Amino acid sequence: MGIQKLITASSLIIALFTVLCAQQAPATPKKADEPVTNGVIDGKVVNESGQSMAGATVFVRAVNSSGAGRTTTSDIEGNFRVFGLEPALYTVSANVPAYTMAGPVDPTTPAYYRLGDTVRIEMMRGGAITGTVTNAVGEPVVAVRVRATMIRDARGEPAKLLSYIWGEQPTDDRGVYRIYGLRPGTYIVSAGGSGFSSSFNPYDGDVPTFAPSSTRDTAAEVIVRSGEDSTADIRYRGEPGHVISGTTKIVGTSGVSIMLTQAGSPIPFANTFQPPGSRGFAFNGLDDGDYELVAQEATSNPASTTMPVFALSEPKRVSVRGADVTGIELTTRPLGLVSGKITLESSKAPECQGKRPPLLAEMVVRLQRPEKETDKEDPQTLRLLSNSASPDATGAFQLRNVIPGKYQFEPWFYAR
């Protein structure tokens with residue numbers, strides 16, 4: 001079992017863990033004597049009825065990698081097999097048009113798999129939201145962007161950080177839209193405003209109109225169920241919004257992403273990206289209210305396969321009251337780095353005898369905030385917290401992009 005240690009993220013800490021015996025891995029294992037060097041993870045993609053799904057795109061990514069990892073496609077029987085993998089822990093996911101992965105999504109506790117594991121991926125038919133956007137005289141509003149944002153999942157729990165779900169589609173020449181492939185849950189639907197798209201739209205400067213014809217505070221809630229269509233018609237208000245604009249001061253020379261949320265909400269409201277050399281930003285189509293801005297900059301080589309290093313600004317609270325707000329300045333600062341090392345000690349416990357020696361690469365070290373520290377967490381900045389890492393062959397590990405604070409080490413051991 002692990003020795004927990006309280007740390008400050010801005011300092012360099014060496015951690016020593018003694019692992020006495022293996023915990024059960026959250027995977028469907030092969031035989032206990034499966035060779036660790038076979039470099040293979042395989043499995044099957046099925047729908048919610050257990051039927052095979054051919055042509056699914058499967059993604060296999062190592063814990064410490066920032067890239068897309070390896071991809072493959074399921075065969076006619078839904079089977080897939082990825083070869084040539086290095087010993088490590090991996091996440092496995094799939095994508096099928098109009099489908100979504102079944103089960104709850106919690107990015108803070110992903111399922112990890114080792115070489116030799118067989119993975120069953122269950123997909124379920126996504127739901128859809130459809131409707132018509134019309135103006136005050138009932139005429140169709142053409143080519144306005146409509147977006148659906150999840151506020152609660154199918155269990156009634158608030159949409160989790162890092163897994164907020166949204167979809168966007170423009171209306172056609174009849175003013176009709178249809179957003180499909182949505183996870184079951186409760187959504188709000190809006191038309192207009194800039195949102196997350198980087199392309200110009202003539203309605204970007206308008207305050208978003210929420211179904212049926214309201215502001216965010218009084219928006220109707222839409223229930224989405226698997227394989228079913230829900231209807232949300234919108235009477236577009238066409239009210240011009242205000243602008244929040246400013247500049248950024250960054251650590252390096254890369255581009256910078258600025259995220260806007262409504263104050264107190266973990267769900268992003270809009271996002272904009274400023275390419276290298278451009279330091280000005282603007283958010284259009286904003287109603288009166290309180291907002292928070294955070295700038296994020298990747299300071300390491302974006303082509304690297306390791307987790308990029310980020311710099312982050314302090315959240316900036318901005319109040320819009322009947323006029324544009326200009327002159328906002330966001331300054332990014334590097335986040336913390338925690339380094340350490342894990343050593344393994346042999347166990348004489350009877351249940352551990354006869355098992356193959358475990359690999360350090362099959363462990364994950366997670367950082368957990370003490371319970372009394374969770375009240376200080378900020379919804380904007382938490383989404384960047386790199387709270388887990390896997391050690392290399394020598395046991396060394398690095399946790400990047402750690403927000404200053406107090407944490408506890410929590411080792412997770414996936415050997416059988």
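Quick notes on this structure:
- Subset tally (residues that are assigned to a strand (DSSP E or B), among the hydroxyl-bearing types (Ser, Thr, Tyr) and buried (at least 16 other Cβ atoms within 10 Å of the Cβ)) for segment 73-87: 0
- Among residues of segment 53-66 that are on the phi > 0 side of the Ramachandran plot, those with a beta-carbon under 7 Å from a residue that is buried (at least 19 other Cβ atoms within 10 Å of the Cβ) at least six positions away or on a different chain give the pairs 55/74.
- Test: residue 322 is open to solvent by 60 Å² or more (accessible area, probe 1.4 Å), more than 29 Å from residue 392 (Cβ to Cβ), part of a loop (DSSP other than H, G, I, E, B) and of a type outside the set (Ser, Thr, Tyr): no
- Residue match in segment 290-297 (condition: surrounded by fewer than 17 Cβ atoms within 10 Å (Cβ to Cβ) and either touching a residue at least 24 places away in the same chain (Cβ under 8 Å) or part of a strand (DSSP E or B) (or both)): yes
- Those residues of segment 214-241 which are surrounded by fewer than 16 Cβ atoms within 10 Å (Cβ to Cβ) and under 26 Å from residue 155 (Cβ atoms), in sequence order: 217, 218, 220, 221, 223, 225, 227, 228, 229, 231
- Residue check for residue 138: at pLDDT 95 or above and on the phi > 0 side of the Ramachandran plot: yes
- Matching residues, segment 165-213, being closer than 19 Å to residue 150 by Cα, open to solvent by 30 Å² or more (accessible area, probe 1.4 Å), under 27 Å from the mean Cα position of the chain (by Cα) and of a type in the set (Ser, Thr, Tyr): 180, 197
- Qualifying positions in segment 375-416 - within 15 Å of residue 358 (Cβ to Cβ) and either modelled with pLDDT under 55 or assigned to a loop (DSSP other than H, G, I, E, B) (or both): 390, 391, 392, 393, 394, 395, 414, 415, 416
- Among the residues listed as 121, 129, 151, the single one being closer than 20 Å to residue 233 by Cβ and modelled with pLDDT of 95 or more: 129
The values are calculated or read from the model by the stated rules, or taken from the named source; none is laboratory data. In this text, all values refer to a predicted model and were calculated from it rather than measured experimentally. Virtual Cβ from ideal backbone geometry, glycine too; neighbours counted across all protein chains shown. Remember, those area values only see protein heavy atoms, side chains included, never the ligands or the DNA or RNA. Shrake-Rupley method; radii C 1.70, N 1.55, O 1.52, S 1.80 Å.
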